[in-house]
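What follows draws every value from the coordinates through simple rules; no lab data is involved. What you are looking at is a predicted structure, and each value in this text was computed from that prediction instead of being measured. Neighbour counts are summed over all protein chains in view; Cβ atoms, including those assigned to glycine, are modelled from backbone coordinates with ideal geometry.
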Amino acid sequence: MEDGDPRAMDALARMRDVWANAPVASSLNGAAVRIAGFVIPLERVKDEVSEFLLVPYFGACIHVPPPPANQIIHVVSDKPLKNVQTMDAMWVSGVLKVSAGESSWGRSAYRMQAKATAPYVFPARK
């Protein structure tokens, strides 16, 4: 099928609906977590980012379709992050909430008020 084929468009619309309503892990609601992912800035003022999506793999949300909502966390940082670029790998710590959100980059099923962030450093090979 071609990209513009009505059958392809219908299949994509059905897939996006399923992904937007992907089941969440309600047991994580209120859990204090530390999780790594890739940053998609949502709110940027000069060189500071205060809101972003945390996505599970490089390129997610930039290339469509975005991951399922249950793989995206909308993060609001207590302290704006300086010099963070799109797709930077980060550790984020805070309390996770099951809370649906919508952005131009995709739908999130979780929200976190970040208490701490740090660049993700890939482990050295032994």
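Per-residue Karplus couplings for the stretch 27-35, computed as 6.51 cos²θ - 1.76 cosθ + 1.60 with θ equal to phi - 60°, are listed in order as 5, 8, 4, x, 7, 7, 9, 10, 9 Hz, Gly and Pro entered as x. Between the amide H of Ala22 and those of Ala69, Asn70, distances stay under 5 Å, these residues lying 5 or more places away or on another chain, with hydrogens modeled in the peptide plane.
In a reduced charge model with +1 at each Lys and Arg Cβ and -1 at each Asp and Glu Cβ, the chain shows a dipole moment near 620 debye about its Cα centre. Between the listed residues Ile73, Ala118, Val45, the Cα displaced farthest toward the positive end of the dipole of the chain, a dipole computed from Cβ unit charges relative to the Cα centre, is found at Ala118. Between Ser108 and Gly101, Glu102, Ser103, the built amide H atoms are under 5 Å apart, and every one of these is 5 or more places off in sequence or on another chain.
Distant-in-sequence amide contacts of Lys115, defined by a placed amide H-H separation under 5 Å and a gap of 5 or more residues or a different chain, comprise Ser93, Gly94, Val95.
Beta bridges from DSSP with both residues in the chain: antiparallel share about 85 percent, rounded to the nearest 5.
Across the stretch 107-123, coupling constants 3J(HN,Hα) worked out from phi with the 6.51/-1.76/1.60 Karplus curve, θ = phi - 60°, read 9, 10, 9, 10, 9, 9, 8, 6, 9, 8, 9, 7, x, 7, 10, 5, x Hz, and Gly and Pro carry x.
The string of couplings for the stretch 78-85 from the Karplus curve (6.51, -1.76, 1.60, θ = phi - 60°) is 4, 10, x, 8, 9, 6, 8, 10 Hz, one whole number per residue in order, with x for Gly and Pro. Taking Cα atoms only, the orientation of helix 6-20 departs from the longest principal axis of the chain by about 30 degrees. Short-range pairs are left out: with C-alpha atoms under 8 Å and at least six residues apart, the relative contact order of the chain is 26 percent.
Hey, if you drop one equal point scatterer on each alpha-carbon of the stretch 76-126 and run the Debye formula without solvent, what base-10 log of I(q)/I(0) do you get at q = 0.21, 0.30 Å⁻¹? The Cα Debye sum returns log10 ratios of -0.93, -1.22.
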